[in-house]
Amino acid sequence: MGNKDLANTAFIKRSFKRSMTRNSVLSEILTPFETLAVKRAEICASLTDIRPGFHITVDAETFTRGTPVLHDFVPTEAISEMFLTSIKQLAPVMADIFPPLAEFVKKVSGKIASGEVPPHLCVETMVNDEPKAMKILGDRTGVSPEILYFILYHPLKIVFENISRHLEGAAEDGLQEFRWVKGYCPICGFFPDISFLRVPGPDPESAQFLDAQGGEFWLHCSQCSHEWRIKRGVCPYCENEDHDTLQYFAEKQNNKERVYTCNKCKTYIVC
């Protein structure tokens, strides 16, 4: 599921329907997030092309050592406008599907729209991810840092998905010869929210793909939705390769989903 899929509302709806069909008890939880995902895709598709005036210079040496493409990201005026547009359009939907947060969503989006809280400050605070800065921004908006992060995360995700979509081609064409081995995103530096196995051959329906533990190990970025491949048998969060501390869990009747765990850093990722 890459950026092209995320821009396809029909694909998003099919994906949610498939998940809810497999496990009907999740319907109540998943339905609001389906609405949110569809709206994000619609907003992202309507945004102006980010490429004019947005230039990224990538140093192959630092990239190979693990420096993401957007490591020194500074929000331009165009980025700030994009974030402002995104939160203006997304806020009413978030307030509607998450009633307990409605008051906070309206407060935050109102202060951003009025200019009381500058959009670029929101973007910088979220990207830098420093607790002190988030608390200061929370005090400024009158919303707790935890709730504020959730509210700002979704419009910012739209912005980064738009940036990533236009950078992916250039990054793959120009940097494909350099192997990215890190568990965080080569585009924006965020960690993945899910992983998947992709068969390297021409037949994605191969019965041996999961049954024989085959396939390439791919990660999906939680922020910009970029996808990248790393070697199997490594924890994406701490790079632990000790098989004695790496495990996976799966239901016997389900060979298509599993959970990889790392006892060293106490993290897990769904595959």
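The values are calculated or read from the model by the stated rules, or taken from the named source; none is laboratory data. Keep in mind that what you see is a predicted model, and the values were worked out from it rather than measured. Because the Cβ atoms are built from the backbone with ideal geometry, glycine has one as well, and the counts that use them run over all protein chains shown. All accessible areas refer to the heavy atoms of the entire protein, side chains included, with ligands and DNA or RNA removed. Shrake-Rupley method; radii C 1.70, N 1.55, O 1.52, S 1.80 Å.
Among the residues of the stretch 124-152 satisfying the criterion of being open to solvent by less than 40 Å² (accessible area, probe 1.4 Å) and of a type in the set (Ser, Thr, Tyr), which is nearest to the chain's Cα centre (by Cα)?
The extreme case among them is THR125.
Here are some residues: VAL93, VAL108, VAL74. Which one is of a type in the set (A, V, I, L, M), in a loop (DSSP other than H, G, I, E, B) and at negative phi? Steps first, answer last, please.
Numbers: VAL93 fails: in a loop (DSSP other than H, G, I, E, B); VAL108 fails: in a loop (DSSP other than H, G, I, E, B).
Going through VAL93, VAL108, VAL74 in turn, just one is of a type in the set (A, V, I, L, M), in a loop (DSSP other than H, G, I, E, B) and at negative phi: VAL74.
Counting just the residues of the stretch 234-256 that are part of a loop (DSSP other than H, G, I, E, B) and in contact with a strand residue (DSSP E or B) (Cβ under 7 Å, 6 or more places away or on another chain), which one comes out surrounded by the most Cβ atoms within 10 Å (Cβ to Cβ)?
First pass over the stretch 234-256, keeping only residues part of a loop (DSSP other than H, G, I, E, B): 234-242, 250-256.
Of the ones still in play, those that are also in contact with a strand residue (DSSP E or B) (Cβ under 7 Å, 6 or more places away or on another chain) are 235-238, 240.
Numbers: CYS235: 21, PRO236: 19, TYR237: 17, CYS238: 14, ASN240: 18.
Here the residue is CYS235.
Considering only residues that are aliphatic (A, V, I, L, M) and assigned to a helix (DSSP H, G or I), which ones fall in the stretch 7-21?
To start, the set of residues in the stretch 7-21 that are aliphatic (A, V, I, L, M) comprises 7, 10, 12, 20.
Across the stretch 7-21, the qualifying residues are ALA10, ILE12, MET20.
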